[in-house]
Amino acid sequence: MTRPIVPGPTYAEMRDPTRLTTGIREEASSALANDELAPLNLFNINWKNTGTDVEHIILPKELSGVQANIVVLSGRTFPSGSMKVGPAYTTLAEAEVLDGLRPGDRSIIGPSTGNFGIGTAYVSALKGYQAVVVMPDTMSQERYERIRKYGGELDLTPGTESDVILTLERTHSEYVSKPEKYVVLAQFELMPNYRFHRHVTGEAVEKAAGDVGNGQVAAFVSAPGSAGTLAAGDHVKSLYPDARIVALEPRQCSTLFDGGQGQHRIEGIGDKMVTLIHNVYNTDLLMLINDEETVQGMEVVQSGTEALVDRLGLDSQDAEALQGKFGPSCICNIVGAIKTAKYLGLGPQDNVVTIATDSYDRYPSVSADLYQRHGGRPDADTLESWAKAVFLGASVGEIIDLNRPGEHGRLQTMKRDLWTRFGYGSDLIERMASQVFWDEEYEKIKDIDPRIEEIRGSLG
């Protein structure tokens, strides 16, 4: 039976929560603290904890080993524990206001390798929909448990993080093909993901850097899963045209780098494709990151406080503040930010901004696998060596300058070859080679926000 829409925020309110009434902000903050499944938590979908300050960490220079400031936005304080809840919400909200979707009409499908699927299950629960998450069958157990906790069902496809193409194929054959039964929150191909990150995350990147160094963004770094987060780079470049936008890939699955198709351990990234929503012409550098080092780096900041203080000279409070904050993809982004600072020769006034999508609570099983591979928990000597190799020893090798002739066109061809298989026309993909296309998609927010407000107002 069809039910009324459960209201949520506009793009503008997610970007600036102070646009919300004081009453809604206070009630939303109370809900986040006391009732995770209260629908008011939709109004906590922002980088600012429903306030004015962007949640972020500045990496201690004793750990980064570079002069530049490494500024890390923290997505762990979003409802459900990851910023991926934002694109899940906007994709569902746009389906409601533009396509007439209502709770009870159809089931919601979320293709994912983890965090977007968790976000899909969470937002669906708050808005009154049944969710099915399609994802590989070897992700961390904590991710499956979180999806089930929010009432989501799982449709698992064979393989690992690197086999997400099988998840995409299952999504199109079983769900996209049945629009009368399902609405697919297709993060790899639908523009609400792009709009959220360009408008909301992009502004958060700007603000987080505003009181550090020279207050500007010299580079923005992110490993693409859906590549939605890289859309924040379009906002950065609108302010700082000389800023570099940097994409990261696992060395073990270097699809964008050189067509590599291997398996890897960095959950949430490196999905063997150029996604449809990746504005490849606005990405400047492409770097490879070793997957094992991201897990080792995660372990260093999680359990190596003593080694960081005694062996690397971190302040004890700074070292303790890192605990619990990062999963493997977060460490991947941090290592990429360090590599970027080294490669560009950035100084103490320069800011490199990156993203920590979630936190450690989704990865204890990944630590357990690490211990098994290395014969038990690492001691202080091992943690010291990992810290020096992963962070201080981040190299400037395995980097492609995408502004070299032919590189953007190569990625654009990869995009066309994949997505025409899933029914998208070559003419559409060709238009994506122009910034005009992306700017027009972004401008649609001006039409979408009033409709969200209109429906919210009609509910009283």
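The values are calculated or read from the model by the stated rules, or taken from the named source; none is laboratory data. Since the structure is predicted, the reported quantities are computational estimates derived from the model, not experimental observations. Heads up, the Cβs are rebuilt from the backbone with ideal geometry, glycines too, and the neighbour counts pull from every protein chain shown. Note: accessible area is taken over every heavy atom of the protein model, side chains too, but ligands, DNA and RNA are not part of it. Shrake-Rupley method; radii C 1.70, N 1.55, O 1.52, S 1.80 Å.
Regarding region 62-113, what whole-number volume in Å³ per residue does the convex hull of its Cα atoms give?
It comes to 137 Å³ per residue, whole-number rounded.
Check the straight Cα-Cα distances from K446 and name the aspartates and glutamates below 19 Å, setting aside those fewer than 8 residues away within the same chain.
K446 reaches E13, D16, E94, E96, D99, E203, D234, E454.
As I understand it, the dipole of region 229-319 uses +1 on the Cβ of Lys and Arg and -1 on the Cβ of Asp and Glu, about the Cα centre. Which of I269, L312, V295 lies farthest toward its positive end?
Value computed over the given set: I269.
Carbon and sulfur atoms: what percent of the 1.4 Å accessible area of region 48-184 do they account for?
45
Testing the spin-label approximation: label points 7 Å from Cα along Cα→Cβ at K181 and R431. State their distance in nm.
3.2
Would you work out which of P241, N279, V54 lies farthest towards the positive end of the dipole of the chain, given +1 charges on the beta-carbon of Lys and Arg and -1 on that of Asp and Glu, about the Cα centre?
Result: N279, furthest along the dipole toward the positive end.
For E440 and A380, what does the FRET efficiency come to when R0 = 45 Å and r is the distance between their Cβ atoms, rounded to the nearest 0.05?
The pair E440/A380 has a calculated efficiency of 0.25.
Note down the nm distance, to one decimal, between modelled labels 7 Å out along Cα→Cβ at E26 and at A321.
It is 3.0 nm.
From the mean inverse distance of alpha carbon pairs (Kirkwood) and the Cα radius of gyration, derive Rg over Rh for region 258-318.
Ratio of gyration radius to Kirkwood radius for region 258-318: 1.14.
Give me the lysines in straight-line cross-link reach of K415: C-alpha distance below 27 Å, same-chain residues under 8 apart excluded.
List returned: K84, K178, K237, K272, K339, K444.
Under Stokes-Einstein, with the Kirkwood radius over Cα pairs standing in for Rh, what whole-number D in µm²/s applies to region 1-100 at 37 °C and 0.692 mPa s?
Once the numbers are plugged in, D ends up at 219 µm²/s.
Scan around I109 for amide H atoms under 5 Å from its own, H built in the peptide plane at 1.01 Å from N, and keep only partners 5 or more places away or cross-chain.
V132, V183, V184, L185
Quick one: accessible area per residue over region 43-118, 1.4 Å probe, rounded to a whole number of Å²?
Counting only protein heavy atoms, the per-residue value for region 43-118 is 23 Å².
Using the alpha-carbon centroid of each, what span in Å lies between region 47-114 and region 337-399?
First find each Cα centre; the distance between them is then 22 Å.
So what is log10(I(q)/I(0)) for the chain at q = 0.05, 0.07, 0.08, 0.09 1/Å, when the Debye sum runs over its Cα atoms only?
For the chain at q = 0.05, 0.07, 0.08, 0.09 Å⁻¹, log10 I(q)/I(0) is -0.16, -0.32, -0.42, -0.54.
Using the Kirkwood radius built from alpha carbon pairs, what does the Stokes-Einstein equation give as D for region 157-308 at 37 °C and 0.692 mPa s, in µm² per second?
It comes out at roughly 193 µm²/s.
Quick one: with all protein chains in place, what share of the accessible area of region 420-460 is carbon or sulfur, to the nearest percent (1.4 Å probe)?
Exposed carbon and sulfur together represent 49 percent of the surface.
Calculate, for region 141-232, the solvent-accessible area per residue in square angstrom, rolling a 1.4 angstrom probe over the heavy atoms of the protein chains.
Solvent-accessible surface per residue comes out at 32 Å².
Between A389 and L98, what length comes free when the chain is fully extended (0.36 nm per residue of separation minus the Cα-Cα distance, one decimal in nm)?
In short, 99.8 nm is gained.
What is the extension gain from Q372 to Y240, computed as 0.36 nm multiplied by their sequence separation minus the C-alpha to C-alpha distance, in nm to one decimal?
43.0 nm
Any chance you could tell me what percent of the C-alpha pair distances in region 315-460 go past 26 Å?
When all Cα pairs of region 315-460 are counted, 57 percent exceed 26 Å.
Calculate, in whole percent, how much of the Cα-Cα pair population of region 8-61 lies beyond 19 Å.
Across region 8-61, Cα pairs with separations above 19 Å total 26 percent.
Which of the three applies to region 25-164, rounded, prolate or oblate, going by the alpha-carbon gyration tensor with a ≥ b ≥ c and a/c under 1.5 meaning rounded?
oblate
Sum -39500 (n - 2.57) across every DSSP H segment of at least 4 residues in the chain, then divide by the residue count to get the 222 nm mean residue ellipticity, nearest 500.
Helix contribution divided over all residues of the chain: -12500 deg cm²/dmol.
With a ≥ b ≥ c taken as the square roots of the eigenvalues of the C-alpha gyration tensor of region 130-220, please select rounded if a/c is under 1.5 and otherwise prolate if a/b is larger than b/c or oblate if it is not?
Prolate, since a/c reaches 1.5 and a/b exceeds b/c.
Report in % the part of the accessible area of region 283-353 that belongs to carbon and sulfur, leaving out ligands and nucleic acids; probe 1.4 Å.
Taking all protein chains in place, region 283-353 shows 37 percent carbon and sulfur surface.
Please report the equivalent ellipsoid semi-axes of region 240-348, computed as sqrt(5 x eigenvalue) of the Cα gyration tensor, largest first, in whole Å.
28, 18, 11
On full extension of the chain, what length is gained from E398 through D211, given 0.36 nm per residue of separation minus the C-alpha to C-alpha distance?
64.1 nm
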